[in-house]
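The values are calculated or read from the model by the stated rules, or taken from the named source; none is laboratory data. No experiment lies behind these values; they were computed from the predicted model shown. Note: ideal-geometry Cβ built from the backbone for every residue, glycine included; neighbour counts use all protein chains shown. The protein model used for the area step is the full one, side chains on, heavy atoms only, and it has no ligands, DNA or RNA in it. Shrake-Rupley method; radii C 1.70, N 1.55, O 1.52, S 1.80 Å.
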Amino acid sequence: MRRTAQTGSGRSAEFDAIVVGAGFSGLFMLHSLRKLGLTVRVYEQGAGVGGTWYWNRYPGARCDSESVYYMFSDHMSEEILSEWTWSERYAAQPEILRYLEFVTDKMDLRRDIQFNARVASAVYDSGRGCWDIRLADGGTASARFLITAVGCLSATNTPSFPGIDTFAGESYHTGAWPHEGVDFTGKRVAVIGTGATAVQAVPEIAKQAAHVWVFQRTPNYDIPGRNRPLASDYATAVKADYKNLWQKARESGFGLPYQVVERSAVDYAPEERQAIFEAAWAKGGFYMGLETFSDYLVNKESNDTVSEFVRGKIREMVKDPATSELLAPKDHPFFTKRPPLENGYYEAFNRDNVTLLDARATPIEEITPRGVRMGEHEYEVDAIVYATGFDAMTGALFGMGITGRDGLRLRDKWRDGPRTYLGLTTHGFPNLFLITGPQSPSVLSNMPVSIEQNVEWIAGLVQYMLIHDLDAAEPAREAEDTWVAHHDEVAAATLLLGTDSWWVGANIPGKPRTLYPYVGGVGPFRVICQEVADKGYEGLVLTRHDATAPAPAG
Ligand code: N01
């Protein structure tokens, strides 16, 4: 492989690889490609590293994975792993951002990152065998490899409520929060949405605001996070056992080293089941979903038991019966939408200054200059917080104007839903690699574990191409068809497609309904990817730029 892309004009900056995004994925990709000796440029839209953790600065923002597993493993740096200690069970956004800045500086990554650089288009030039990038500010660059590290939840979604621009007060989307913070003291605030974000933000906003109206369309099964300062002996014990724990996480279903017991809730007597539920509830966190029973996603009857248990807890926690009934989900099974972790959310509804509104029974009709109108009632507020989520998994990719061979736009190719090979590549787009792309485990996992696996697989492929003097990698159409069919089959065996959620694209009008992440599990996915690599990247057509026929792949 000729390492540096050749450009005709000579004016465009040239690199071996361009990475888009400087969050967890982009940072590890940069590090991994550098180790192979490639010249790399990372383009990052923000003014700093962090991705999700750069943008989502809303009050209460923190990770829902336990911090000790929400970081790079020793594959990034043994030194960082031993030097860094989290202060809380679930780290808050400022601490995670500090961590990513620490990693960036420690690994000297900053010098290859261009900040405030939004990729406006990325077009493959078949003649030259490289990707031409145009930035929003007019800058251009070319590279043999294009790797997207744009995150799954980075294109914000604000519903097009009539009158939205007429509001005279302050409006915020949680995914693009002002860096200087927002002081809600004494203000009347509308929070629209009740997903994982709102569940974190509402208790914090309620501490300051004169009144908070929470506009709920669909209630969620919120699990107690039971956040607390991290005991130093716990952190030390985890560090001491790190290799084992990370290996477990890599082989697990969801990227967490939990003890999953293969059993169904329906095989247990009600009292036994209750004891198992209570223990997980007391522990807090995703143990409720992952360590109690293993068939919630495929067995409705089993799921009914846990769903009812959580509803019971909500009724216990929220004093006003009408409010607790409204908060108790009945329209979908547990974990068929991402269950938020709550640290004070339900309790917030016991405050006098928090009111829950039913935006399902009476939808929001318009935003007025003074506030939010539902039916005949206008709620006058000083600030509106849109906790309305994201155009997940494809929004940011489509926003980059990716165009592959023969002028094929990614947006057009995926018009009826994503089509990928392993979620990492897509036919018609040579040398385009997607980190945590659709049809990979991505958001159905603890992200750092999936990110490391994706990045290492991509870096392994690039290394293979260097060794074998190959220029381009692109999945064969048949390999892609087989992966999509497998992905769809696994998805269809679960309850996930039956629930409206952003996992299936239901939150964006017109978005194709399909399960966007792969639900086959982090461990099995890893094995599949490894087998593909072991067979000389089976399913990919690997070519030399100057050859017309595919080069032998083995
Ligand atoms: O977004 P969401 P989010 N009228 O799409 C409502 C991750 N995350 O930002 O459910 C009224 O879940 C919508 O209602 P409905 C995590 O993976 C991670 O909260 O569609 N309401 C819903 O209540 C999470 O799943 C962490 O009926 C409208 C809300 O807006 C993902 O991010 C922390 C509406 C959107 O909820 C997204 O969470 C936080 C309308 N027209 C988030 N349109 C960590 O672990 C939308 N809604 C760090």
*Ala235 passes all but one of (1) under 26 Å from Tyr518 (Cα atoms); (2) among the small types (Gly, Ala, Ser); (3) at pLDDT below 95; which number fails?*
(1)
_Ser307 being open to solvent by less than 10 Å² (accessible area, probe 1.4 Å), modelled with pLDDT of 95 or more and more than 30 Å from Ser67 (Cα to Cα)_ = no
*Looking at (1) touching a helix residue (DSSP H, G or I) at 6+ places or on another chain (Cβ under 9 Å); (2) within 16 Å of the ligand (Cβ to nearest atom); (3) open to solvent by 10 Å² or more (accessible area, probe 1.4 Å), find the lone condition where Ala91 falls short.*
(3)
*Report whether or not Phe184 is in contact (Cβ under 8 Å) with a residue 24 or more places away in the chain, more than 9 Å from the ligand (Cβ to nearest atom), of a type in the set (Phe, Trp, Tyr) and open to solvent by less than 60 Å² (accessible area, probe 1.4 Å).*
yes
*Name every residue in region 473-485 that is assigned to a helix (DSSP H, G or I) and open to solvent by less than 60 Å² (accessible area, probe 1.4 Å), in order of residue number.*
Ala479, Glu480, Trp483, Val484, Ala485
*What number of residues within region 243-267 satisfy the criterion of being of a type in the set (D, E, K, R), closer than 14 Å to Ser302 by Cα and in a helix (DSSP H, G or I)?*
1
*Which residues, taken from region 492-507, are of a type outside the set (S, T, N, Q), open to solvent by 30 Å² or more (accessible area, probe 1.4 Å) and either more than 13 Å from the ligand (Cβ to nearest atom) or in a loop (DSSP other than H, G, I, E, B) (or both)?*
Ala492, Ala493, Leu495, Leu497, Gly498, Asp500, Ala506
*Please find, among Gly536, Gly510, the residue that is more than 28 Å from Tyr70 (Cβ to Cβ), within 16 Å of the ligand (Cβ to nearest atom) and either open to solvent by 20 Å² or more (accessible area, probe 1.4 Å) or over 26 Å from the mean Cα position of the chain (by Cα) (or both).*
Gly510
*asked:* Which condition from (1) open to solvent by 20 Å² or more (accessible area, probe 1.4 Å); (2) part of a loop (DSSP other than H, G, I, E, B); (3) over 21 Å from Ala198 (Cβ atoms); (4) touching a helix residue (DSSP H, G or I) at 6+ places or on another chain (Cβ under 8 Å) is the one that Phe293 breaks?
replied: (1)
*Please go through region 300-336 and pick out each residue that is among the small types (Gly, Ala, Ser) and assigned to a loop (DSSP other than H, G, I, E, B).*
Ala328
*Of all residues in region 199-225, which are part of a strand (DSSP E or B) and either basic (Lys, Arg) or under 20 Å from Gly289 (Cβ atoms) (or both)?*
Ile223, Pro224
_Taking the conditions exactly as written (open to solvent by less than 10 Å² (accessible area, probe 1.4 Å), more than 16 Å from the ligand (Cβ to nearest atom) and either within 25 Å of Ala282 (Cα to Cα) or of a type outside the set (Lys, Arg) (or both)), does Ala210 satisfy them or not?_
no
*asked:* Tell me yes or no: at least one residue of region 215-230 is open to solvent by 10 Å² or more (accessible area, probe 1.4 Å) and at pLDDT below 95.
replied: yes
*Kindly indicate which of Leu466, Leu461, Leu470 is assigned to a loop (DSSP other than H, G, I, E, B) and either open to solvent by less than 30 Å² (accessible area, probe 1.4 Å) or in contact (Cβ under 8 Å) with a residue 24 or more places away in the chain (or both).*
Leu470
_Kindly evaluate Gly195 against the criterion of being open to solvent by 10 Å² or more (accessible area, probe 1.4 Å), away from the ligand (no atom under 13 Å from the Cβ) and under 24 Å from Ser67 (Cα atoms)._
no
